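The values are calculated or read from the model by the stated rules, or taken from the named source; none is laboratory data. Not measured: the values here are computed from a predicted model. Cβ atoms come from the backbone with ideal geometry, glycine included; neighbour counts cover every protein chain shown.
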Amino acid sequence: MLQAIGRMTLGAVAELGDYAMFTSRALASAVGAPRLLRRMVWAVNEQGVRCLPVVLIVGAFAGLVLGLQGYYVLSRFGSEGLLGTLVSLTLTRELGPVLAALMVVGQAGSAMAAEIGIQRNSEQIDALETMGIDPRRYLVAPRLLVSIVVFPIHAALFTLIGIVGGWLSGSVLLHVDGGVYWTAVMRAVEPGDVRECLIKAVVFGLITTAICCHNGFNAHRRAGLTGAKAVSYSTTRAVVLSSIAILAADYLITSALI
């Protein structure tokens with residue numbers, strides 16, 4: 001049992017080191033990369049534009065549910081006027097960046113892992129290396145750079161639409177005074193809360209994009225798996241690890257900033 005635990009621990013540490021080296025090399029390769037802007041525009045469409053509908057829809061329903069549940073909790077204490085505070089702070093500090101990142105991972109992250117995995121499986125990455133082109137610079141670096149910008153935008157839009165959804169639940173459906181709701185929102189949200197939201201979104205974007213690209217890039221290393229099964233396994237693993245990393249990073253950042 002101790003040997004098995006030791007092997008698992010050493011394997012996890014080795015993979016973490018490989019992941020760190022992969023990410024650092026990809027970011028370093030972006031310096032002076034030719035035609036980087038063109039590939040970044042394509043990455044914006046992949047991670048930003050295509051993910052925008054699902055982010056807005058989930059944000060709206062998250063705000064609606066949060067407003068509904070928050071009202072019934074606060075009404076027990078006669079504090080319905082604090083509904084705006086509850087909704088705005090919950091979305092800004094926690095649910096906004098976390099759920100937005102999870103939605104982007106589910107759509108764009110899985111697509112990135114699968115695409116790079118197929119390129120590895122079909123030897124396209126080997127062909128790039130043969131031609132003297134760094135595949136990390138060509139395939140990974142643009143996505144990492146774009147994630148720094150796209151994820152905070154998604155988190156901000158998710159939070160805004162969620163606050164509006166909370167207003168619809170509280171004021172339109174449950175007859176909480178709209179002026180009281182928006183006054184509570186304006187008083188509750190401070191610059192530090194917005195800063196925490198954006199910091200989390202940037203960290204989530206870098207971590208999850210690197211994890212998805214790393215799993216796709218190394219799909220050929222999965223023991224006992226080849227072809228479509230290796231790509232499928234790498235894609236599923238990328239989404240699962242990214243989701244865990246988001247929640248773990250959220251706890252660490254919250255602990256550091258409180």
Exercise. Is there a residue being modelled with pLDDT of 90 or more and under 26 Å from GLY70 (Cα atoms) anywhere in region 211-228?
Worked result: no
Exercise. So LEU56 clears everything in (1) surrounded by 13 or more Cβ atoms within 10 Å (Cβ to Cβ); (2) more than 21 Å from the chain's Cα centre (by Cα); (3) farther than 27 Å from ILE258 by Cα except one condition, right? Which one?
Worked result: (2)
For this session: Identify the single condition in (1) among the basic types (Lys, Arg); (2) within 26 Å of PHE158 (Cβ to Cβ); (3) surrounded by 18 or more Cβ atoms within 10 Å (Cβ to Cβ) that ARG120 does not satisfy, given that it satisfies every other one.
Result: (2)
Exercise. Any idea how many residues of region 185-227 are part of a helix (DSSP H, G or I), of a type in the set (Ser, Thr, Tyr) and within 19 Å of GLN124 (Cβ to Cβ)?
Worked result: 0
For this session: Can you run down the residue pairs with Cβ atoms below 9 Å, 6 or more apart or on separate chains, where the first is in region 188-199 and of a type in the set (Asp, Glu) and the partner is assigned to a helix (DSSP H, G or I) and crowded, with 16+ Cβ neighbours inside 10 Å?
Result: ASP193/SER88; ASP193/LEU89; ASP193/THR92; ASP193/ARG93; GLU196/THR92; GLU196/ARG93; GLU196/PRO97; GLU196/ILE253
